[in-house]
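Undergrad: Let me begin by handing over the structure; questions about it come next.
The values are calculated or read from the model by the stated rules, or taken from the named source; none is laboratory data. All values derive from a computational prediction rather than experimental measurement. Note that we place each Cβ from the backbone using ideal geometry, even for glycine, and neighbour counts take in every protein chain shown.
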Amino acid sequence: MVNNSPQNTSISSSFLSLSDAVSIPVMATGRIVDKRTVNAAFASVAEGVYLGTRFIASKESPASEVT
């Protein structure tokens, strides 16, 4: 199921326009926070997703260390 909220509608339109304009894989970044948004990104022609901020607080991240 694709999330058709107003916030994702413009993102989907941007992905479609971008994927038509370039010949390289399109990655979704930003506001990817759960399975629904990952699925929405893939449904709107993204070939990959980047989850950076979601993991910044993990103990494996050097950013989680208090100095």
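Undergrad: Pick from segment 46-62 the residues that are at pLDDT 85 or above and of a type in the set (A, V, I, L, M): which of them is farthest from Ser14 (Cα to Cα)?
TA: Out of the qualifying residues, it is Val49.
Undergrad: Pairs needed: first member in segment 46-67, closer than 26 Å to Ser17 by Cβ; second member anywhere, modelled with pLDDT of 75 or more and of a type in the set (S, T, N, Q); C-beta distance under 9 Å; at least 6 residues apart or different chains.
TA: As it stands, the answer is Ala46/Ser19; Glu47/Ser19; Val49/Thr29; Val49/Thr37; Tyr50/Thr29; Leu51/Thr29; Gly52/Thr29, since those pairs meet every condition given.
Undergrad: Please specify each residue of segment 21-67 satisfying the condition of being in a loop (DSSP other than H, G, I, E, B), surrounded by 14 or more Cβ atoms within 10 Å (Cβ to Cβ) and polar (S, T, N, Q).
TA: Ser44
Undergrad: Residue by residue through segment 30-45, note down the ones that are closer than 21 Å to Asp20 by Cα and modelled with pLDDT of 85 or more.
TA: Val38, Asn39, Ala40, Ala41, Phe42, Ala43 - these are the residues of segment 30-45 that are closer than 21 Å to Asp20 by Cα and modelled with pLDDT of 85 or more.
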